[in-house]
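Heads up: the structure comes next, in structure tokens.
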Amino acid sequence: MIDFWLAAGLLLLVALSFLLIPVLRHRRAQLEEDRTALNVALYQERVAELQTQQDEGVLDATQMEAGRAEAARELLADTEGAAAPRASRLGKPAPLLAAILVPVLGLGLYLHFGASDKVELTREFSHAPKSMEEMTQRLERAVAAQPESAEALYFLGRTYMTEERPADAAKIFERTVNLAGRQPELLGQWAQALYFAQGKKWSEQIQALTDEALKADPDEVTSLGLLGIAAFEAQRYQDAIDYWNRLMVQLPPEDKSRIALQGGITRATEKLEASGGKVAAVPAPAPAAVAKTGALLKVQVDLAAELKGKVQPGDSVFIFARATSGPPAPLAAKRLTVADLPATVELGDADAMMPQLKLSNFPEVQLVARISRAGQPTAGEWIGRSQPLASSTTAPQTLTIDSPDK
């Protein structure tokens, strides 16, 4: 920000120079007037001296007139270059007052209407965060600068959950739902944040959110996991086993969360049997419900010819896939530069931004490529979007960056 404020300061100095010109001109006119007054005083002193010499008989009348004429010529020569004094209607206080008010008002208006926060945020996003706390602060400033960005809100909510701040996360997820719509994944995240914010106490609001999420998507993973936790805490072990088994089917075999999930099922089974109950037989999954082996999309990304003169080689290019009906956050992402284009990349479950947000968990996705000179993934200058396609698509896709990012 130092270079920005230096440039702003130089512009203010230029503005002040124009405002102070009347003051400087007035001072110059004052100096000319003072010099003229001095010359007149010297002329009068010279004439008085000549008159004294004539009275003493040193000079006769002819010599007296010659001396007077010489003194008059010298006075005219000294005052010949002096400009006539000009009266100013504004006076001296007006320019000085303006010189003070212009920088003060300019700074105030910029701080109110300007975008200094976005300038600083752009600089920060060009460097990787050094800690989770720094990442949270960046996301908070991103949300403040772009309050209508559902992506920024979603990431901030997830970060709050990671930092064990569920109450803050619940507020953020509520805002995300209001912006992006009542998508199942967002409803599940909101319900989960509310559950932990309320001290793991179930409520009618949480029940309504999970019911709505599972009605829209029976396989919504966050809601299934949350219902399993709530059932386990309420000692409804069979319900917990059923919910977690449904969740297990949705996870790819290589998903690391399967280990923790299986441990929960085992504990629920042991507690159910210890209380004299018997675990109900788990029905065999239907062929369509077999655990996913993972999704992999192959995408060729290029830049439209008419944009090649409007971008720079070092501009960042973010290529990602996001659910057409789901959370606004990317499911898989890669980062390149304009100099790398055209390029072919692969987006798969291994590129997931979060364990629960994988390509294979969503039936339909959209491919997006965004150019951001500031290195900010949620906003840029140019963008390209594909038509919705199945996440199981194996045919190579072509994506062209050809539109302004609005």
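The values are calculated or read from the model by the stated rules, or taken from the named source; none is laboratory data. This one's a predicted model, so the numbers in the text were calculated from it and none came from an experiment. Every residue, glycine as well, gets a Cβ built from its backbone with ideal geometry; the counts of neighbours run over all protein chains shown.
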* Selection status of PRO330, closer than 21 Å to ALA180 by Cβ and either in a loop (DSSP other than H, G, I, E, B) or of a type in the set (D, E, K, R) (or both) -> yes
* To do: Say whether the condition of being modelled with pLDDT under 85 and outside any helix (DSSP H, G or I) is met by at least one residue in segment 230-239.
  => no
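Here's the yes/no breakdown for (1) in a helix (DSSP H, G or I); (2) under 20 Å from LEU247 (Cβ atoms); (3) under 24 Å from the mean Cα position of the chain (by Cα):
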{"site": "TYR154", "(1), (2), (3)": "yes, no, yes"}
{"site": "GLY157", "(1), (2), (3)": "yes, no, yes"}
{"site": "MET161", "(1), (2), (3)": "yes, yes, yes"}
{"site": "ALA170", "(1), (2), (3)": "yes, no, yes"}
{"site": "THR176", "(1), (2), (3)": "yes, no, yes"}
{"site": "LEU179", "(1), (2), (3)": "yes, no, yes"}
{"site": "LEU187", "(1), (2), (3)": "yes, yes, no"}
{"site": "LYS200", "(1), (2), (3)": "no, yes, no"}
{"site": "ILE206", "(1), (2), (3)": "yes, yes, no"}
* Structure fact -> Considering residues that are crowded, with 24+ Cβ neighbours inside 10 Å and assigned to a helix (DSSP H, G or I), the number found within segment 208-223 is 4
* From the set of residues in segment 167-185 that are buried (at least 21 other Cβ atoms within 10 Å of the Cβ) and at pLDDT 90 or above, which is farthest from VAL143 (Cα to Cα)? -> ALA170
* Return a yes/no flag: does segment 303-314 have any residue that is under 24 Å from ALA144 (Cα atoms), within 25 Å of the chain's Cα centre (by Cα), surrounded by 16 or more Cβ atoms within 10 Å (Cβ to Cβ) and not assigned by TED's automatic domain parsing to the domain that holds ALA150. => no
* Structure fact -> Those residues of segment 120-152 which are surrounded by 14 or more Cβ atoms within 10 Å (Cβ to Cβ) and either at pLDDT 90 or above or in a loop (DSSP other than H, G, I, E, B) (or both) amount to PRO129, GLN146, SER149
* Asked: Would a scan of segment 368-381 turn up a residue that is loosely packed, with under 14 Cβ neighbours inside 10 Å and either part of a loop (DSSP other than H, G, I, E, B) or modelled with pLDDT under 85 (or both)?
  -> no
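Here's the yes/no breakdown for (1) in a strand (DSSP E or B); (2) hydrophobic (A, V, I, L, M, F, W, C); (3) touching a Cys at 6+ places or on another chain (Cβ under 7 Å):
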position	(1), (2), (3)
GLN300	yes, no, no
GLY309	no, no, no
VAL345	yes, yes, no
THR393	no, no, no
LYS406	no, no, no
